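S.K.: For reference, the structure I am asking about is given below.
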Amino acid sequence: MRAAVYHGARDIRVEQVPVPVPGRGEALVRVVRSGICGTDAAEWVNGPMTFPVERRHPASGHVGPLIPGHEFAGEVVAAAPGVEVGDLVVSGAGVWCGECARCGEGRTNQCAVYKTVGLNLHGGMAEYVAVPAKTLRPVPVGVPVDHAALAQPLAVGIHAARRSGARPGDTVVVIGAGAIGAFVLAGLRHLGVRDVVAVDFPGRRLDRAARLGARSVVPPSDTLVPDVLAVLDGRAPDVVVEASGARGQLATALRMVADGGGCSRSASPRSGRRWTSARWSSGRSPWTRRSPTSATPTCPRRWASSLTGPSGRSSSSRRSGSTSWARPSNAWRAGWSRARSSSTPAGDVVLIGFAGLGRMGRPMAAHLVRAGHTVLAHDPHVDRPPDGVTALASAAGLAEAPLTISMLPDGPSTRDLVLTGLAGACAGHLHVVMGTVGPDVVRELDRTASVDVIDAPVSGSVTMAETAAITTMVGGSAEQFARVRPVLAAMTSAQFHTGPVGSGSVAKLAVNAVLAALNQGVAEGLLLAESGGLDPEVFYGVLRASAAGAPYVGYKEAAYLAPETAGVAAPVSLIRKDLGLALALARAGRLDLPGAEAAYAVLDDATAAGLGDADMAQVLTALRLRNH
């Protein structure tokens, strides 16, 4: 038969192996579905740890290459007590003796010779597996086999929910909404617990948590405890279940839980894995100079070799202009020299110029510093930069860096920065436009500026920027994308190469056209529900769990239902500006977008009503005014 055989870290081979012969009390199962657990993934990356490849397991006696797989479903082909040929079954993972003192107490997981299928002896990533019949359970009629194969991790989640001590009426926080966290949430709902808050990064996991019944979802950050307490109106949760395995989160759970409450962990601690407000960049940056010729760098012209390809020529054919600009003070240079020599083991540090420290730009620049980069920043409207960022009095000083980033609010300010402030930059300088200014502005700058220009606008709220959970869409060459991606990864959770220069801006405007439609759709649905006599909170719960329950619906709940305390994630003025750019792009392409036009008209109404600085969810207020 064929089997996936684990030989060591990153070494799994599909091999022909003998069909196992069932022992006493064992059934032979033809595997039809087999899942990959987080433990399997950890063994693939860092193993062998649990897998007894190098040392004999004391209970199973196994040593050597192992067939993983402890989450599987299959058909019995050789019967054993309790199961018949043809039965569709799922398997538990743990195997116990039934004879020792702990087994006699019913604590089979503490069995003196406890072992786990797929971890300590051959498992289900094969065509056939021999397993003790006592671990098998029949699959109920009507349950799809794809679902049945998840029975083992579901059992873990239900067991964790029961062990947490949570009861109906309790408030529970689940930290980590991955596979096990989701099953814990399902287990809590099964036990009648309705008030559950899920913590994880925005995206598919939190979307799933909302569908499973989490009343609120919260992204992780350095202020996670107060963030959760704010969602719970200042009341600490009765129970916290730590299901992420991330370093430091059990301590967070203990700080978060109410006095006399309960904490439990249903994830294996993972060394080195930590949730913080920064996402650390990986890989070597193309702007790194690995062997500086002097302790103190001067103008990047002296180390432009870090931007050259194998041929030794600059990656850009452009040359800097002749204008002379005042340089910033040298106070940052000593820090830059120290950073290059000691910040990272390989000296992979980038000198970055950053323009625009507004509500989004400020946390983004801070993430770059946390990732070990040296950041020079200019923003005439900000008195104090983030810790570790060197403020410059003039935008011209940003040209010291071989890479600059702008997070500016509009096209005119971006043009002024690139065409004037960076005119003295050295050959090979790359500027990344991360503000939403539209594709025409970016393409114009790419044609006319003395530096290379690409666009990488972002999608996400201020809260998501603070947790480095935003997404960026990059327009430029494949080579430019590869060069800038490690830096972008320090500020964002996902980076997409959308095509040539300007395509990132097109993608951003298309995303925001959808966002504006979603925003108005939720507002109109709430208005309709209210007019029909529904409680807004009741309707919102229905909406969140319905086919229309997109992630946006989940994380904007407070903005619609309690705007006075929710804060501003994205103001009306910003989404109006972006939607205006999207409509201009549509008109240039002779497209008619009636939904976007209608959404823009309501945003106009909201602006006229003095709501320009309010959260975009306040189109609901504008619609109420329209209908009075």
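S.K.: Given the protein chains as shown and a 1.4 Å probe, how many square angstrom of residue 195 are accessible, to the nearest 10?
M.R.: 30
S.K.: Got a number for the accessible area of residue 624? Probe 1.4 Å, square angstrom, nearest 10.
M.R.: Per-residue accessible area (residue 624): approximately 80 Å².
S.K.: How much net charge surrounds residue 548 when only other residues with a Cβ under 15 Å from its Cβ are counted (Lys, Arg +1; Asp, Glu -1)?
M.R.: Numbers: positive: 211, 544, 556; negative: 207, 524, 557.
Value of the local net charge: 0.
S.K.: Would you mind getting me the FRET efficiency between residue 527 and residue 592? Use the beta-carbon distance for r and R0 = 25 Å, nearest 0.05.
M.R.: 0.45
S.K.: So what J values fall out for segment 58-64 if you push phi through Karplus, 6.51 cos²θ - 1.76 cosθ + 1.60 with θ = phi - 60°, rounded to Hz, Gly and Pro as x?
M.R.: Karplus-based 3J(HN,Hα) across segment 58-64 equals x, 9, 7, x, 6, 8, x Hz.
S.K.: Now, a different point. How much solvent-accessible surface does residue 592 expose, in Å² to the nearest 10, with a 1.4 Å probe and all protein chains in place?
M.R.: 120
S.K.: Turning to a different aspect of this structure: Apply the a/c threshold of 1.5 to the C-alpha gyration tensor of segment 83-193 and tell me whether it is rounded, prolate or oblate. Write down the numbers at each step before the final one.
M.R.: Numbers: a/c = 1.99, a/b = 1.31, b/c = 1.52.
Verdict is oblate for segment 83-193.
S.K.: Just to make sure I understand: if all protein chains stay in place, what is the order of 431, 378 by accessible area at 1.4 Å, largest first?
M.R.: Result, largest first: 378, 431.
S.K.: Can you bin segment 10-120 into rounded, prolate or oblate? Criterion: square roots of the alpha carbon gyration tensor eigenvalues sorted a ≥ b ≥ c, rounded for a/c under 1.5, prolate for a/b above b/c, oblate for the rest.
M.R.: Verdict is oblate for segment 10-120.
S.K.: Please compute the contact order of the chain in relative form: average sequence separation of alpha-carbon pairs under 8 Å and at least six residues apart, divided by the residue count, as a percent.
M.R.: 8
S.K.: For segment 571-628, what's the relative contact order in percent, using C-alpha pairs closer than 8 Å and at least 6 residues apart?
M.R.: Relative contact order comes out at 47 percent.
S.K.: Right, something else. Per the helix-only calculation at 222 nm, which mean residue ellipticity applies to the chain, given -39500 (n - 2.57) for every DSSP H run of n ≥ 4 and division by its residues, nearest 500 deg cm²/dmol?
M.R.: -10000 deg cm²/dmol
S.K.: Expressed in nm to one decimal, what extension gain is obtained for the pair residue 626 and residue 416 from 0.36 nm per residue of sequence separation less their Cα-Cα distance?
M.R.: Once the chain is fully extended between residue 626 and residue 416, it gains 71.6 nm.
S.K.: On to the next question. May I have the pair-distance distribution P(r) for the chain, computed from all Cα-Cα distances with 10 Å bins from 0 and rounded to whole percent?
M.R.: Calculated over all Cα pairs of the chain, the distribution is 3, 14, 20, 21, 19, 14, 7, 2, 0 percent.
S.K.: Can you work out the accessible area per residue across segment 416-497, with the rest of the protein chains kept in place, probe 1.4 Å, in square angstrom?
M.R.: For segment 416-497, the solvent-accessible area averages 27 Å² per residue.
S.K.: Taking all protein chains in place and a 1.4 Å probe, what share, in percent, of the accessible surface of the chain do carbon and sulfur account for?
M.R.: Whole-percent figure for carbon plus sulfur exposure: 53.
S.K.: At a 1.4 Å probe radius, which order do 557, 127 fall into by accessible area, largest first? If you can, show how the numbers build up before the last one.
M.R.: Values: 557 40, 127 70 Å².
If we order 557, 127 from most to least accessible, we get 127, 557.
S.K.: Here is a follow-up. Indicate the helices, whole DSSP H runs only, in the chain that combine a mean Kyte-Doolittle hydropathy of -1.0 or more with a Cα extent along their long axis of 20 angstrom or more.
M.R.: The answer, listed by residue number, is 503-531, 572-588, 594-608.
S.K.: Between residue 479 and residue 143, with labels modelled 7 Å along Cα→Cβ, what's the label distance in nm to one decimal, could you check?
M.R.: In this crude label model, residue 479 to residue 143 measures out at 5.7 nm.
S.K.: Amide H to amide H under 5 Å from residue 494: which residues, 5+ apart in sequence or cross-chain, H placed 1.01 Å off N in plane?
M.R.: Excluding prolines and chain starts, which carry no amide H, the hits are 472.
S.K.: Moving on to the next point. On full extension of the chain, what length is gained from residue 127 through residue 105, given 0.36 nm per residue of separation minus the C-alpha to C-alpha distance?
M.R.: Details: separation 22, 0.36 × 22 = 7.92 nm, distance 3.59 nm.
Taking residue 127 through residue 105 to full extension adds about 4.3 nm, to one decimal.
S.K.: Let me make sure I get this right: for segment 391-455, a, b and c are the square roots of the gyration tensor eigenvalues over alpha carbons, sorted descending. Under 1.5 in a/c it's rounded, otherwise prolate if a/b > b/c, else oblate. Which is it?
M.R.: Oblate shape, in that a/c is at least 1.5 and b/c is the bigger or equal ratio.
S.K.: So what are the ³J(HN,Hα) numbers for segment 12-18, from phi and the Karplus equation (6.51, -1.76, 1.60; θ = phi - 60°), rounded to whole Hz, Gly and Pro as x?
M.R.: 10, 10, 7, 10, 8, 10, x
S.K.: Same structure again: Which order do you get for 134, 556, 115 if you rank them by accessible area with a 1.4 Å probe, largest at the top?
M.R.: Largest accessible area first, the residues go 134, 115, 556.
S.K.: Please quote Rg/Rh for segment 509-628 to two decimal places, taking the Kirkwood radius as Rh and restricting both calculations to Cα atoms.
M.R.: Working: Rg = 14.1 Å, Rh = 14.6 Å.
With Rh from the inverse mean 1/r over Cα pairs, Rg/Rh is 0.97.
S.K.: Next question, about the same structure. Among DSSP beta bridges lying fully in the chain, give the percent that are antiparallel, nearest 5.
M.R.: Antiparallel bridges: around 45 percent, rounded to the nearest 5.
S.K.: If I take every Cα pair under 8 Å that is 6 or more residues apart in segment 20-81, average their sequence separation and divide by the length, what percent do I get for the relative contact order? Can you show the working numbers first?
M.R.: On the way: 73 pairs, mean separation 31.2, N = 62.
Result for segment 20-81 is 50 percent.
The values are calculated or read from the model by the stated rules, or taken from the named source; none is laboratory data. Nothing here was measured: the structure is a model prediction, and the numbers come from that model. Cβ sites come from the backbone with ideal geometry, for glycine too, and all protein chains shown count toward neighbours. Quick note on the areas: whole protein, heavy atoms, side chains included, nothing else; ligands and nucleic acids left out. Shrake-Rupley method; radii C 1.70, N 1.55, O 1.52, S 1.80 Å.
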